[in-house]
Amino acid sequence: MVNAKSTFVKSDFENAAHELLQWYDQMARRLPWRLSPQARKNGDMPDPYRVWLSEIMLQQTTVPHAAPYFDKFTRLWPKVEDLAAAHNDDVMREWAGLGYYARARNLHKCAKVLAGLDAFPNTIEALLALPGVGPYTAAAVGSIAFDLPVAPVDGNIERVISRLMAIAGDGSAAGWAQDKKEITQRVQTLVPQRSGDFAQAMMDLGASVCTPKSPNCMICPWMDICLARQEGNQESYPAKPKRKPQPIRNGLAFVIFHEGKVLLQRRPDSGLLGGMLMPLSSPWEEGGEYTLEDYQPVKADWHYRGQARHVFTHFALHWDVYVAHLTKKPDLSGDWIDIDMCLEAGLPTVGRKALKLALDA
DNA sequence: AATACGGGGTT
DNA sequence: AACCCAGTATT
């Protein structure tokens, strides 16, 4: 019974949380949704609404990308009741460009639930019941907003803990699933009294020190106790399965102008870019070939403006952009938006790319 | 367990 | 061009 892993005992990392918190007290990033460790030690706690909002925005999204959206949302809707009272179209428009648009729909749905409650849910079970809140977000909000004795596990913390405790399987999907389970269990054994700061400290460590490539171990508060560093294989952790390459899909975009306006249509609520405004388009199924003749939404004198390229999660789109200036208003459903306003109308990035090509010329 | 679902940064 | 994400919901 003597490999390195089975000899793990809690005391190996007995002071780990304390050492990390000492580092965090000096090095904490200042973020719009965050209370400083000094403020928290004085007994202040953050507004749970702001913590929840930030964590939804930060799902699979970097701090620099999310921060301006957080500022905008809290300016437009300072309290959860304000967000709950907003029109869904406005929420979707303001979210445009952040990606994973189901988050925006669930955010608004969740705000309506929260506005009907007497207090913000403050147990893991109650948080998990909210739309758009999964295991990570429940633990993040629980610890950061309420100091519940739990640790969130996101990609950063998976990496930090897998290195600290040398947790890595064979790199298969099944092996990684097992690793994640073990990481989630083991990190709980480290959680100190200041669980909110501990969670934020691990995120800061992952973001600024224990980076995926070339981690800066020399300035790490866990330098001496990190098992991966003792092995000298920091970068081999975590052992994640390879992602499979994405296929390319082709499609045609149809940007229709009429009397200084452009026609946009709202996509169905579910599925890719759900609920977002976009130019008209052919389908873009894998292996599909679409011709102007067969797929034009209206007979017109179409002009080719170039190809908009965009990478989604599981495929890349090569979208050939055609424009038409119609003198007679076509019989097509959708919203006619002033040309000057259309780039601020709340389009997802791929829609903006196509529109920019169409407006150049 | 696998897939759908954006977008941008780093190397 | 490959890799990395401050994940959740659905199948």
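Each value in this text was obtained by applying a stated rule to the coordinates, not by laboratory testing. All figures in this text were calculated on a predicted structure; none of them were measured in a lab. Backbone-built Cβ (ideal geometry, glycine too); neighbour counts: all protein chains shown.
Give the shape of chain A as rounded, prolate or oblate, defined through the alpha-carbon gyration tensor: a ≥ b ≥ c are the square roots of its eigenvalues, a/c under 1.5 means rounded, and otherwise the shape is prolate if a/b is larger than b/c and oblate if not. The shape class here is prolate.
This model, with +1 at the C-beta of Lys and Arg and -1 at the C-beta of Asp and Glu, gives chain A a dipole about its Cα centre of some 340 debye.
In plain terms, the residue of A:HIS258, A:HIS108 with the fewest other Cβ atoms within 10 Å comes first and the most crowded comes last, giving A:HIS258, A:HIS108. Computed extension length for A:ASP90-A:MET27: 19.0 nm, one decimal, from 0.36 nm per residue of separation with the Cα-Cα distance subtracted. Taking θ as phi - 60° and the Karplus parameters 6.51, -1.76 and 1.60, the scalar couplings of the range A:122-130 work out to 10, 10, 4, 4, 5, 5, 4, 7, 7 Hz in sequence order, x denoting glycine and proline. For the range A:353-360, the Karplus equation 6.51 cos²θ - 1.76 cosθ + 1.60, evaluated at θ = phi - 60°, returns couplings of 4, 5, 5, 4, 4, 5, 7, 4 Hz by residue, with Gly and Pro reported as x.
Potential lengthening of the chain between A:LYS41 and A:LYS244 amounts to 68.5 nm, from the contour at 0.36 nm per residue minus the alpha-carbon distance. Coupling constants for the range A:222-227 follow from the phi torsions by the Karplus curve (6.51 cos²θ - 1.76 cosθ + 1.60, θ = phi - 60°), and in residue order they are 9, 3, 7, 9, 6, 5 Hz; glycine and proline get x.
Note on A:LYS180: lysines with a C-alpha under 25 Å away, same-chain residues under 8 apart excluded, are A:LYS5, A:LYS10, A:LYS213, A:LYS240, A:LYS242, A:LYS244.
Of all lysines in the structure, those lying under 17 Å Cα to Cα from A:LYS261, and not within fewer than 8 positions of it along the same chain, are A:LYS328, A:LYS329, A:LYS356.
A helix-only calculation puts chain A at -12000 deg cm²/dmol for mean residue ellipticity at 222 nm, using -39500 (n - 2.57) for each DSSP H run of at least four residues, averaged over all residues. Placing dummy labels 7 Å off each Cα toward the beta-carbon, the span from A:THR123 to A:LYS329 is 5.6 nm.
Between A:ASP338 and A:MET218, full extension at 0.36 nm per residue minus the direct alpha carbon distance yields a gain of 37.7 nm.
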